[in-house]
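K.L.:
Input: one structure, supplied below.
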Amino acid sequence: MATPVLTQTVDLAARFPGKVSADARPGYAGIIVNKENLVEVATAVRDEFGFDLLTAVTGVDYIAENKMEVVYHAYKTTGGAGLVFRVQVERVDPIEVPSLINIWPGVDFQEREAWDLYGIKFTGHPDLRRILMWEGFEGHPLRKDWKEPFFEEEVKPFKSRWPDGQHTFAENKNPFRDNLNFPKDFDPEKYVVDKEEDLYMSLERDTTKDVEGNMKTDHIVVNMGPHHPSTHGVLRVAVQLDGETIIGLKPVMGYLHRNHDKIGERNTYLQNIPYTDRLDYFNSMSNNFGYVTTVEKLMKIPVAERAEYIRVIMAELSRIQNHLIFIGMLMNDLGTMYTPSLYAFEERELVLDIFEAVSGARMMCNYFRFGGVVRDIPDFAMQKIKDLVFERLPAKTDEMERFLNENEILVARLKGIHVLNAEDAIKYSVTGPVLRATGVPYDLRRADPYSIYDRFDFDVAVRQNGDMMDNYLIRFDEIRQSLRILEQAIKQIPQGPINSQKAAYQVRVPAGEAYGRIESPKGELAFYIVSNGKPNAYRYHVRPASFVNLTAVESMCKGSKIADFVALLAMLDIVMGELDR
Amino acid sequence: MYGKGILKGLSVTWKRFWDTYTDDISWMLRGKKRYNSDEGIRHRSSKDTKGIFTVQYPEEQLIVPEEFRYVPFLVYDEGADGKKEVRCTSCGICAKVCPPQCIWIVRTNDPSTGRPVPVPTDFFVDMDICMNCGFCAEYCPFDAIKMDHDFDIASYQRNVYNLEKLMKPASYYAGIRPENYTREEEARKAKEAAKAAKAEANAAAA
Ligand code: SF4
Ligand code: SF4
């Protein structure tokens, strides 16, 4: 069943003569906007052309041309192709680009990220602090002229490994204490308090003010995390409280940051596949999917027919287990300790058995290759997939619903709490089940179909209220739809080769850029890759769903109770491997 | 009625709890071992599993599928008089494809001619850095490096394996990955036969 694609030509050049120009570089698409006109053009893009969802803001450092570039990818929530526009500025500090935060508040974290990693100042951004690195960090690590203290070579493979590779420990070459670059006049004694101030200042600024005439109360700041069982990893949240009510909140992240983007630029294209496993470590299959789809777009190669089906099967199985775990973890955070989550883990284990049989590993699958997958599904694993899809999983989903859905305490904790309306959700670039629970039927498998999703008959799960309860229920709807897709995929899967390419440890990727996006279980997972024809990506950027969805958290929980915030974090379904990258 | 949903949920928990006994008892009545037996472990990861799900590691261990991968090892063939003939030619492909760059190979040079000979002098894999991706095994053109099934390698020190420690016999490989082994051996035989046939044809022509 093909999805009709809205076709409306967007002619920005005609609308803004002299202010925009087409991007003439081979392999590039979209338009270049003059810096001075960015806000004006962006407003028109949203209001006149209807691109209401700004999914990605990406910095790129073109050091040879002495340019810094910011790329924007805008889409319509009604579906269809996107619009790429970009600004280029001289690569001389201070590099300034106007912030789009007043047009799309969802750019908040992404602009902070570009500031942090590239040093691009977004003028007009009210809270332009570092986000993944710590305040006080020296330099902007994604710039091409920045080198880490363990720096060995610009790209892999490193020459010291072969043909006379004597093993050495990296830390012997870089003794402890010397493995960090500090600013010149840095004093560790003074450091801690120094820049924390910024966080609390910004917290203070965005606090809801006391209502005139009410009793004057003191506010307290509570730091939840980074080691707190409810934060799903090492996330810290600074909360300003008035009694039990949240009046201001700032997430602090980056504790798990390893500069995945820079590692990706060092890796060859193939080497990077296992690294993507480690993004959202619950769904390595989906991450692989997103990455290889993007690179295939650049390489312009077809995918073997059977492999397409295998990919869909793996991605949907992954979605099912993710949503089951989601439900389990939500219950944990609500205080239903472990019983539901262990029930969920049983099903997840069975799904992971399948992943292990096909790929060799339960979590870090590394299963996809450019043009197909590594190996075919063995017969016993195929049988197990059938058993799960046709028998066990539908029954267990029903059981889970019977177990929890009507539970009065659960309903009381979830119904009507943290309502997010559709308009805000889009404004904050929220995607995935959280967006669909607000009544926006935006699912990339339908809205911008990739792989072979247009061949399957399924409904986009959507709920109307946008509260916690709907967010919870929509996961069940999605599991059911995934099962529907799986049933069709299992029936239709053809025999044949599983890779359209010959196995090669180095692939040729023509110069150009590609933005590939897939509907991961947590929302839109997108990769932006710039190739300059070399074996390594020139720019490799991940747009994780967890990270962008978290932008909305502040506005969502103001005015609600701190105890509900714990549930909200669970509901956004964040995973730190992806959030911090 | 308030509390109906809770009761409904509890009925699920109750059934699950009950199953942990009934399933054990039914295995007992059938005179079979549900625990500490391959059959029992397989049952616990099948679609019909109910009752107790946990596999009590380390007393019991999950049965890993053939494709399971942990850390790499080097395959050697047992030559005449027990000589270990390592298959690796030190071509360096695995070291180049390894994503975290944890393979270090020292190539051997013939002392008289100075030309490289296709056997590694030494071969290191830093197991603490290895991300168990399996690329080395996948792209080795000589089926010389393969992924192991043995995952109990926790230790108190850093694990840098050298050639000595990495080598395992082809029979071990055949044991953990029978299907792969058979497939590769067949391919190799076919190739050798083709080569022999070609040589024969050449000889006949000459
Ligand atoms: S193990 Fe294989 S790929 Fe690695 S050097 Fe030896 S022959 Fe080459
Ligand atoms: S399994 Fe992967 S990480 Fe480990 S040695 Fe082989 S290529 Fe390197």
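K.L.:
Check cross-link reach from B:Lys198 to the lysines: straight Cα distance under 19 Å, and skip same-chain residues fewer than eight apart.
P.N.:
Within the straight-line cut-off, B:Lys198 pairs with B:Lys189.
K.L.:
What cysteines in chain B have no other cysteine with a beta carbon less than 4.7 Å from their beta carbon?
P.N.:
B:Cys88, B:Cys91, B:Cys98, B:Cys102, B:Cys130, B:Cys133, B:Cys140
K.L.:
Could you work out how far apart the two model spin labels at A:Lys144 and A:Thr245 are, taking each label as a point 7 Å from the Cα in the direction of the beta carbon, and quote it in nm?
P.N.:
5.3
K.L.:
Given a 1.4 Å probe, show me the residues in segment B:131-151 buried by at least 30 Å² of accessible surface when comparing the whole protein assembly to the chain alone.
P.N.:
SASA drop of 30 Å² or more in segment B:131-151: B:Met131, B:Phe135, B:Glu138, B:Tyr139.
K.L.:
Rounded to the nearest angstrom and ordered from largest down, what semi-axes does the equivalent ellipsoid of segment A:260-580 get from its C-alpha gyration tensor (root of 5λ)?
P.N.:
On the way: eigenvalues 207, 110, 54 Å².
Taking √(5λ) for each eigenvalue gives 32, 23, 16 Å, largest first.
K.L.:
Ok, one more. Say R0 is 41 Å: what FRET efficiency, to the nearest 0.05, do A:Asp398 and A:Lys502 get from their beta-carbon distance? Show your work: numbers first, answer last.
P.N.:
On the way: r = 46 Å, r/R0 = 1.11.
That pair, A:Asp398 with A:Lys502, gives E of 0.35.
K.L.:
Something else now. Mean-square fluctuation check for chain B, GNM, Cα pairs under 10 Å: which of B:Gly134, B:Gly51, B:Gly31 is largest?
P.N.:
Of the options given, B:Gly31 has the highest mean-square fluctuation.
K.L.:
Send over a whole-number figure in Å² for the accessible area per residue of segment B:1-63, probe 1.4 Å. Walk me through the numbers before you get to the answer.
P.N.:
On the way: 4290 Å² over 63 residues.
About 68 Å² of surface per residue is accessible.
K.L.:
For segment A:237-330, which trypsin sites (Lys or Arg not before Pro) are in a loop by DSSP, counting at most 15 other Cβ atoms within 10 Å? Can you show the working numbers first?
P.N.:
Numbers: sites: A:Arg258, A:Lys262, A:Arg266, A:Arg278, A:Lys297, A:Lys300, A:Arg306, A:Arg311, A:Arg319; in loops: A:Arg258, A:Arg278, A:Lys300.
Listed in order of number, the matching sites are A:Arg258, A:Lys300.
K.L.:
When only alpha-carbon atoms are used, what values of Rg and Dmax, in angstrom, describe segment A:501-581?
P.N.:
17.9, 58
K.L.:
Next question, about the same structure. Per residue of A:266-275, what is the mean number of Cβ atoms on other protein chains within 10 angstrom of that residue's Cβ?
P.N.:
Per-residue shielding by partner chains comes out at 4.
K.L.:
Provide the percentage of antiparallel DSSP beta bridges, counting only those with both residues in segment A:12-123; round to the nearest 5. Please list the in-between numbers first.
P.N.:
Numbers: 20 of 27 bridges.
About 75 percent, rounded to the nearest 5.
K.L.:
Now for a different question. Gaussian network model of chain B, Cα springs within a sub-10 Å range: biggest mean-square fluctuation belongs to which of B:Ala196, B:Ala170, B:Ala137?
P.N.:
B:Ala196
K.L.:
Could you give the spread of the C-alpha atoms of segment B:86-144 along their three principal axes, from largest to smallest, in whole angstroms?
P.N.:
Result for segment B:86-144: principal-axis Cα extents of 39, 21, 17 Å.
K.L.:
Nothing charged except the Cβ atoms of Lys and Arg (+1) and of Asp and Glu (-1): what's the magnitude of the dipole of the protein assembly as shown about its Cα centre? Round to the nearest 20 debye.
P.N.:
Details: 99 positive and 115 negative charges, 356 e Å.
Charge dipole of the protein assembly as shown: 1720 debye, to the nearest 20.
K.L.:
Which residue, chosen from A:Gly18, A:Ile120, A:Ala56, occupies the Cα position most advanced towards the positive end of the dipole of segment A:12-123, where the dipole is computed from +1 (Lys, Arg) and -1 (Asp, Glu) charges on Cβ about the Cα centre?
P.N.:
Result: A:Gly18, furthest along the dipole toward the positive end.
K.L.:
Assuming R0 = 25 Å, can you tell me the calculated FRET efficiency for the pair B:Glu192 and B:Thr108, based on Cβ-Cβ distance, to the nearest 0.05? Can you show the working numbers first?
P.N.:
Working: r = 25 Å, r/R0 = 1.00.
That gives a FRET efficiency of 0.50.
K.L.:
Could you list which residues have their amide H under 5 Å from that of A:Ser500, counting only those 5 or more apart in sequence or on another chain, with H placed in the peptide plane?
P.N.:
The answer is A:Ala304, A:Gly372.
K.L.:
If you don't mind, there's one more thing I want to ask. Which number do you get for Rg(Cα) / (2.2 N^0.38 Å) in segment A:428-558? Walk me through the intermediate numbers first.
P.N.:
Numbers: Rg = 18.0 Å, N = 131, 2.2 N^0.38 = 14.0 Å.
Cα-based Rg divided by the globular estimate yields 1.29.
K.L.:
Gain in length, B:Val55 to B:Ser171, computed as 0.36 nm per residue apart minus the alpha-carbon separation, to one decimal in nm?
P.N.:
38.9 nm
K.L.:
So, one more: How many percent of the accessible area of the protein assembly as shown is carbon or sulfur, using a 1.4 Å probe?
P.N.:
Numbers: 18840 of 33720 Å².
Within the protein assembly as shown, the accessible surface is 56 percent carbon and sulfur.
K.L.:
Strictly over 30 Å apart at the Cα level, which of A:Lys121/A:Lys415; A:Lys216/A:Lys250; A:Lys159/A:Lys262; B:Lys146/B:Lys195; A:Lys121/A:Lys216 would you flag in this model?
P.N.:
Working: A:Lys121/A:Lys415 41 Å; A:Lys216/A:Lys250 23 Å; A:Lys159/A:Lys262 19 Å; B:Lys146/B:Lys195 26 Å; A:Lys121/A:Lys216 38 Å.
In this structure, A:Lys121/A:Lys415; A:Lys121/A:Lys216 lie more than 30 Å apart at Cα.
K.L.:
Still on this structure, I have one more. Return a whole-number percent for the relative contact order of segment A:12-123, with Cα pairs under 8 Å and 6 or more residues apart as the contact set. It would help to have the intermediate numbers written out before the result.
P.N.:
Working: 189 pairs, mean separation 26.2, N = 112.
Relative contact order, segment A:12-123: 23 percent.
K.L.:
As a test of the formula, what do you get for chain A when each DSSP H run with n ≥ 4 contributes -39,500 (n - 2.57) and the sum is divided by the residue count, at 222 nm and rounded to the nearest 500 deg cm²/dmol?
P.N.:
Values: 21 runs with 219 residues, N = 581.
Mean residue ellipticity, 222 nm, calculated: -11000 deg cm²/dmol.
K.L.:
Right, another one. Can you work out the FRET efficiency for the pair A:Asp457 and A:Ile301, with r the C-beta to C-beta distance and R0 = 30 Å, to the nearest 0.05? Please list the in-between numbers first.
P.N.:
Numbers: r = 28 Å, r/R0 = 0.93.
E(calc), rounded to 0.05, equals 0.60.
K.L.:
Take the Cα gyration tensor of segment A:12-123, multiply each eigenvalue by 5, square-root it, and list the three semi-axes largest first, rounded to whole angstrom.
P.N.:
Working: eigenvalues 88, 56, 33 Å².
Taking √(5λ) for each eigenvalue gives 21, 17, 13 Å, largest first.
K.L.:
Could you tell me which residue out of B:Phe142, B:Asn162, B:Leu7 lies farthest along the dipole of chain B toward its positive end? Charges go on the beta carbon: Lys and Arg +1, Asp and Glu -1, centred on the Cα centre.
P.N.:
Farthest along the dipole direction, towards plus: B:Leu7.
K.L.:
Another question, then. Tell me: how much accessible area in total is hidden between A and B, 1.4 Å probe, Å², nearest 100? Don't jump to the answer; show the numbers that get you there.
P.N.:
Values: alone 24270 and 14220 Å², together 33720 Å².
Separately minus together, A and B give about 4800 Å² buried.
K.L.:
Shifting gears a bit: Any idea what the alpha-carbon Rg over 2.2 N^0.38 Å comes to for segment A:346-405? Intermediate results must be reported in sequence, preceding the final value.
P.N.:
Working: Rg = 13.8 Å, N = 60, 2.2 N^0.38 = 10.4 Å.
Its radius of gyration relative to the 2.2 N^0.38 Å reference: 1.32.
K.L.:
Also, I was wondering about something else. Once you keep just the Cα pairs under 8 angstrom separated by 6 or more residues, what percentage relative contact order results for chain A? Before the final figure, lay out the partial values.
P.N.:
Working: 1079 pairs, mean separation 98.3, N = 581.
The normalised contact order for chain A reaches 17 percent.
K.L.:
Could you check what % of the DSSP bridge pairs in the protein assembly as shown are antiparallel, to the nearest 5?
P.N.:
Working: 67 of 77 bridges.
That works out to approximately 85 percent antiparallel.
K.L.:
Only loop residues by DSSP count here, and only those with at most 12 other Cβ atoms within 10 Å; note down the trypsin sites (Lys or Arg not before Pro) in segment B:71-175 that meet that.
P.N.:
The qualifying sites are B:Lys83, B:Arg158.
K.L.:
Next question, about the same structure. So which lysines pass the test for A:Lys76, namely a Cα distance under 26 Å, with those fewer than 8 places away in the same chain ruled out?
P.N.:
A:Lys19, A:Lys35, A:Lys297, A:Lys300, A:Lys427, A:Lys522
K.L.:
While we're on this one: Which is the longest stretch in chain A that no exposed loop site breaks, taking sites as GluC sites (Glu not before Pro) with a DSSP loop state and at most 12 other Cβ atoms within 10 Å? Walk me through the numbers on the way to the answer.
P.N.:
Numbers: sites that count: A:Glu48, A:Glu65, A:Glu153, A:Glu154, A:Glu212, A:Glu244.
Longest run free of exposed loop sites: A:245-581.
K.L.:
State, to one decimal in nm, how far the label point of A:Lys159 lies from the label point of A:His219, with both points 7 Å from Cα in the Cβ direction.
P.N.:
The modelled label-to-label distance comes out at 5.7 nm.
K.L.:
Further question: Show me the chymotrypsin sites (Phe, Trp or Tyr not before Pro) within segment B:118-187 that DSSP assigns to loop and that have at most 10 other Cβ atoms within 10 Å of their Cβ. Provide the component values of the computation, followed by the final result.
P.N.:
Numbers: sites: B:Phe123, B:Phe124, B:Phe135, B:Tyr139, B:Phe142, B:Phe151, B:Tyr156, B:Tyr161, B:Tyr172, B:Tyr173, B:Tyr181; in loops: B:Phe142, B:Phe151, B:Tyr156.
Listed in order of number, the matching sites are B:Tyr156.
K.L.:
Separate question: Rounded, prolate or oblate: pick one for segment B:72-198, where a ≥ b ≥ c are the square roots of the eigenvalues of its C-alpha gyration tensor, a/c under 1.5 means rounded, and failing that, prolate if a/b is larger than b/c, else oblate.
P.N.:
Taking the square roots of the gyration eigenvalues as a ≥ b ≥ c, segment B:72-198 is oblate.
K.L.:
Any idea what % of Cα-Cα pairs in segment A:270-409 are farther than 21 Å?
P.N.:
Values: 4436 of 9730 pairs.
Of all Cα-Cα pairs in segment A:270-409, 46 percent lie more than 21 Å apart.
K.L.:
Next question, about the same structure. Is the C-alpha gyration tensor of segment B:1-63 telling us rounded, prolate or oblate? Criteria: a/c under 1.5 is rounded; beyond that, a/b larger than b/c is prolate, otherwise oblate.
P.N.:
Values: a/c = 3.36, a/b = 2.20, b/c = 1.53.
Note, shape of segment B:1-63 comes out prolate.
K.L.:
Could you tell me whether chain A comes out rounded, prolate or oblate from its Cα gyration tensor? Rule is a ≥ b ≥ c as square roots of the eigenvalues, rounded for a/c under 1.5, then prolate if a/b exceeds b/c, otherwise oblate. If you can, show how the numbers build up before the last one.
P.N.:
On the way: a/c = 1.29, a/b = 1.04, b/c = 1.24.
Rounded, because the longest to shortest axis ratio a/c is under 1.5.
The values are calculated or read from the model by the stated rules, or taken from the named source; none is laboratory data. As the structure is a computational prediction, the values presented were derived from the model and not from experiment. When we count neighbours, we look across all protein chains shown, and the Cβ atoms used for this are built from the backbone with ideal geometry, even at glycine. Surface areas here come from the heavy atoms of the whole protein model, side chains and all, with no ligands, DNA or RNA. Shrake-Rupley method; radii C 1.70, N 1.55, O 1.52, S 1.80 Å.
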